[in-house]
Amino acid sequence: MNDDWTRPLLFAGALYALAGIVSITGGVSPMQLAWVTVAAAAGVVVALAVRAASVGAMTYAVVVIITAGAWLAYTVIDSPWTSTAMTAWAIATCSLGPIYPAMCIYRARLAARTAAEREEAELRRNSSEWVRLWARAGIKGLTETGREETRAGLKIYMDLPEDGKVDVLAMERACTAVEIAHGNLRRGALRVEEGDLAHQVIVHVSAIDILAETIPIPDDVTPRTGNEPLSIGRHEDAEETLLNLDKHLMIAGITDAGKSNLINVVIKETGRMVDTLIWVIDPKGGRMAAPWLQAWLAGHADRPVIDWVATTPAEWDLMLNVAEAIRQARANARIGGEKVIASTACPRILIIIDEVADVVASRAALKLIKQLVRKGRSEEIKVAMIGQRGTVTMFGDGDTKSQIGSVIGLGVGRVSDGQAIFPDDHTIARSLARMQHPGCMYVKAGLLSRPMPAKAYRIEYNQIPAFSVALADLRPGLDELSAAAAGDTYAQRWDWERCFHLVGARTGSASTGPVATPYTGGGGGGGGGLPAGPPADDAAVFAALTDGFGPTVPPILTAVEGLFEARNAARLHTRLILEQIPPGGGAGLTARRLGMLLGALGVSPIEAWEEPDGTRGRGYRREDLAAARARIEAGEPVPDEVYAWPGRPDRTTS
């Protein structure tokens, strides 16, 4: 830029020196200068034209040359040393000199714009639309290597430039700019993920907000082992969200973010594992665990899916002490060499602790949990802790949190709460704070994995009894070594005095008193200094608890009664019932199957009638449903196949 200003001054100085030389040497006429001036102007114009200069540049050059020639001719006639010659030279220099740098600036900007247009044209020829969008956001040098359509939109595979100036973090920071440049994407539609190799990236484009949808839980109840990851939801691209039980788990999210639903999903999928026992600590009085016990208490399953439920501080202290005793016994026996491998002969124990802040408030309970988290993994004792915030005050302390291998973050109220869950990623913390739909989550399945957004399956309350029946027989028993370490504290976990509050308030139960005389003391040594009593067989204890209860009201009857209640109707068409049955409960439900299910309860459809809106068809009466409920509560047996709903028609019990 300095050269652009000095060149006019140098030219003016050289012109004045030339005038001085001509005045001293003489021998040059004004006519000769005129011809030289014309020739110089013509030559410059031709040279500029060859270089495709603008008309303005050529005009400026001609004006400068003619002005310089005219001034020289004047100095030949008069003298370059007069005040008139000097004034004319100064005026011409000051008026024409500044135009040159201005023209240079204009020419540089024009060249830059032309180069950008050329680069854009080159990108259009050699790159995809998405590479161009990233280039506009300042991320240049990307190469698209492939793309794949997903349920949410696109998955684009890209390679980073070889110079290493662009990385995944730079692309994450530019996501908002690319969304704006695209012009047809919602905020947060882009997500960048590292590829398998250092130079590879995957760009997820979510044209549809999959996380806003409800995804019913699959009704698959086929047996599996704990060595296989369990599916708890779907990612944005519709791939399964997989979670391994080989690590301790932390789940955090505010109220109504979907924690209880997610716990039920984990229980259902874990219940399919033939080598895993589920223990639950539920400080909310058993509200979360109770649905998983109903089918067993009604006599439709030989045992509950959940092996042990603790709802009081005294009971969960017993459970944690038993778990620690089993851990020590397995460690001392050195089963499996380096670590225990879960099997039906030596099952994994998964301890699910809901509202963990209530449990770790006890110093003794916190000490046991820390022991299990630190040392239980190698003995196949895993802990899943659930709380409203991911802070150390909620989950005990920093030592306990540091041992958690898998983390699930649901919606949070503030970005700081999101950072407490995922402290190393501020972007994800902001995303958690923006999540508005229950069940939306970020899942980090392992210490080295990156948190990924997903939507948890939705499991309806009235689906749980049917799942309980289907999964009951898959549950393993405690191995001999662990049972001996657990002692009578474990064997008597379903004694009436310890679980009456849990089973006595069961929906549909007409019983208000104990059904078995509980063990109250006695000899025998429990594991790890635990309370002991006479030995009790699992099957005998289960039978004692269930003998005094009438059958639970089937979910199909409860669901249809709910529709009548909601519409305050005396009769409803079958078509309307099928349309309004609770979401997820209508799986495989047709008019014929509805008739079979209700018919088994003594409820028959009535003759067709026409409603004021013109609809006509057969249906059911509310009073017939109420009569069926009264018969069931009075002790009339219910066929097992009725409890198969809300599963598929082929899910029956024998």
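Quick check on ALA466: is it buried (at least 23 other Cβ atoms within 10 Å of the Cβ), among the aliphatic types (A, V, I, L, M), in the same structural domain as LEU242 (by TED's automatic domain parsing) and in a helix (DSSP H, G or I)? Considered against the rule, which asks whether it is buried (at least 23 other Cβ atoms within 10 Å of the Cβ), among the aliphatic types (A, V, I, L, M), in the same structural domain as LEU242 (by TED's automatic domain parsing) and in a helix (DSSP H, G or I), ALA466 comes out as yes.
Taking the stretch 444-456 as the range and being touching a residue at least 60 places away in the same chain (Cβ under 8 Å), under 20 Å from ARG434 (Cα atoms) and either touching a Leu at 6+ places or on another chain (Cβ under 7 Å) or not in a loop (DSSP other than H, G, I, E, B) (or both) as the test, the residues that pass are MET452, PRO453, ALA454, LYS455, ALA456. Within the stretch 331-370, being assigned to a helix (DSSP H, G or I) and either of a type in the set (A, V, I, L, M) or crowded, with 24+ Cβ neighbours inside 10 Å (or both) holds for ALA331, ALA333, VAL356, ALA357, VAL359, VAL360, ALA364, ALA365, LEU366, LEU368, ILE369.
With respect to THR93, determine if the residue is assigned to a helix (DSSP H, G or I), of a type outside the set (D, E, K, R) and free of Cβ contacts under 8 Å to residues at least 60 places away in the same chain. Considered against the rule, which asks whether it is assigned to a helix (DSSP H, G or I), of a type outside the set (D, E, K, R) and free of Cβ contacts under 8 Å to residues at least 60 places away in the same chain, THR93 comes out as no.
Every residue, every condition in (1) modelled with pLDDT of 80 or more; (2) buried (at least 16 other Cβ atoms within 10 Å of the Cβ), yes or no:
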position: ALA570; (1), (2): yes, no
position: LEU578; (1), (2): yes, no
position: VAL603; (1), (2): yes, yes
position: ARG621; (1), (2): yes, yes
position: VAL638; (1), (2): yes, yes
position: VAL642; (1), (2): yes, yes
position: PRO646; (1), (2): no, yes
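Evaluate the following for ALA433: is it in contact with an Asp or Glu (Cβ under 8 Å, 6 or more places away or on another chain), closer than 15 Å to GLY258 by Cα and surrounded by fewer than 20 Cβ atoms within 10 Å (Cβ to Cβ)? Judged against the criteria, ALA433 is a match.
Only a single item in (1) in a strand (DSSP E or B); (2) on the phi > 0 side of the Ramachandran plot is not met by ILE232, and it is number (2). Of all residues in the stretch 593-601, none are loosely packed, with under 14 Cβ neighbours inside 10 Å, at positive phi and at pLDDT 85 or above. Looking across the stretch 384-417 at every residue that is within 15 Å of LYS259 (Cα to Cα) and small (Gly, Ala, Ser), the one that is surrounded by the most Cβ atoms within 10 Å (Cβ to Cβ) is identified as GLY409.
Selection of the stretch 207-257 for residues being of a type in the set (Gly, Ala, Ser) and surrounded by fewer than 22 Cβ atoms within 10 Å (Cβ to Cβ) yields ALA207, ALA212, SER231, ALA238.
Is there a residue being over 17 Å from HIS248 (Cβ atoms), assigned to a strand (DSSP E or B) and under 35 Å from the mean Cα position of the chain (by Cα) anywhere in the stretch 298-309?
Narrowing the stretch 298-309 to residues over 17 Å from HIS248 (Cβ atoms): 298-309.
Next cut, assigned to a strand (DSSP E or B) only: 308-309.
Next, only the ones that are under 35 Å from the mean Cα position of the chain (by Cα) stay: 308-309.
Yes - at least one qualifying residue is present in the stretch 298-309.
Reported count of residues in the stretch 624-646, each being in a loop (DSSP other than H, G, I, E, B) and under 43 Å from the mean Cα position of the chain (by Cα), is 4. Outside the structural domain of ARG191 (by TED's automatic domain parsing), surrounded by fewer than 20 Cβ atoms within 10 Å (Cβ to Cβ), more than 24 Å from ALA644 (Cβ to Cβ) and in contact with an Asp or Glu (Cβ under 8 Å, 6 or more places away or on another chain) - does that describe any residue in the stretch 482-491? Checking the stretch 482-491: not a single residue is outside the structural domain of ARG191 (by TED's automatic domain parsing), surrounded by fewer than 20 Cβ atoms within 10 Å (Cβ to Cβ), more than 24 Å from ALA644 (Cβ to Cβ) and in contact with an Asp or Glu (Cβ under 8 Å, 6 or more places away or on another chain). Scanning the stretch 199-229 for residues that are of a type in the set (A, V, I, L, M, F, W, C) and not in a strand (DSSP E or B) yields ALA207, ILE208, ILE210, LEU211, ALA212, ILE217, VAL221.
Checking the conditions here, which among LEU133, LEU190 is more than 19 Å from the chain's Cα centre (by Cα) and within 21 Å of ASP237 (Cβ to Cβ)? Quick ask: steps written out before the conclusion?
Details: LEU190 fails: more than 19 Å from the chain's Cα centre (by Cα).
After applying the criteria, what remains is LEU133.
The set of residues in the stretch 391-423 that are farther than 27 Å from ARG363 by Cβ, of a type in the set (A, V, I, L, M, F, W, C) and assigned to a loop (DSSP other than H, G, I, E, B) comprises LEU410, VAL412, PHE422.
Which members of the stretch 478-502 meet the condition of being in a helix (DSSP H, G or I) and of a type in the set (Phe, Trp, Tyr)? Working first, answer last.
Let us first name the residues in the stretch 478-502 that are in a helix (DSSP H, G or I), namely 480-491, 496-502.
Those that are in a helix (DSSP H, G or I) and of a type in the set (Phe, Trp, Tyr): TYR490, TRP496, PHE500.
So that you can scan it fast, the table gives a plain yes or no per residue for (1) out of contact with any strand residue (DSSP E or B) (no Cβ under 9 Å at 6 or more places or on another chain); (2) surrounded by 12 or more Cβ atoms within 10 Å (Cβ to Cβ); (3) part of a helix (DSSP H, G or I):
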site: ASP3; (1), (2), (3): yes, no, yes
site: ARG7; (1), (2), (3): yes, yes, yes
site: ALA14; (1), (2), (3): yes, no, yes
site: GLY20; (1), (2), (3): yes, yes, yes
site: SER23; (1), (2), (3): yes, yes, yes
site: VAL28; (1), (2), (3): yes, yes, no
site: VAL38; (1), (2), (3): yes, yes, yes
site: VAL45; (1), (2), (3): yes, yes, yes
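Among the conditions (1) surrounded by 15 or more Cβ atoms within 10 Å (Cβ to Cβ); (2) not in a loop (DSSP other than H, G, I, E, B); (3) not hydrophobic (A, V, I, L, M, F, W, C), GLY188 misses just one, which is (2).
Of the residues contained in the stretch 154-162, none is found to be under 19 Å from VAL205 (Cα atoms), in contact with a helix residue (DSSP H, G or I) (Cβ under 6 Å, 6 or more places away or on another chain) and surrounded by fewer than 17 Cβ atoms within 10 Å (Cβ to Cβ).
Return yes when GLY258 is in the same structural domain as ALA290 (by TED's automatic domain parsing) and either modelled with pLDDT under 90 or more than 30 Å from PRO291 (Cα to Cα) (or both) and no when it is not. Steps first, answer last, please.
Numbers: in the same structural domain as ALA290 (by TED's automatic domain parsing): yes; either modelled with pLDDT under 90 or more than 30 Å from PRO291 (Cα to Cα) (or both): yes.
Spelling it out, GLY258 is indeed in the same structural domain as ALA290 (by TED's automatic domain parsing) and either modelled with pLDDT under 90 or more than 30 Å from PRO291 (Cα to Cα) (or both).
The values are calculated or read from the model by the stated rules, or taken from the named source; none is laboratory data. All values derive from a computational prediction rather than experimental measurement. FYI the Cβ positions are ideal-geometry reconstructions off the backbone, even for glycines, and counts take in every protein chain you see.
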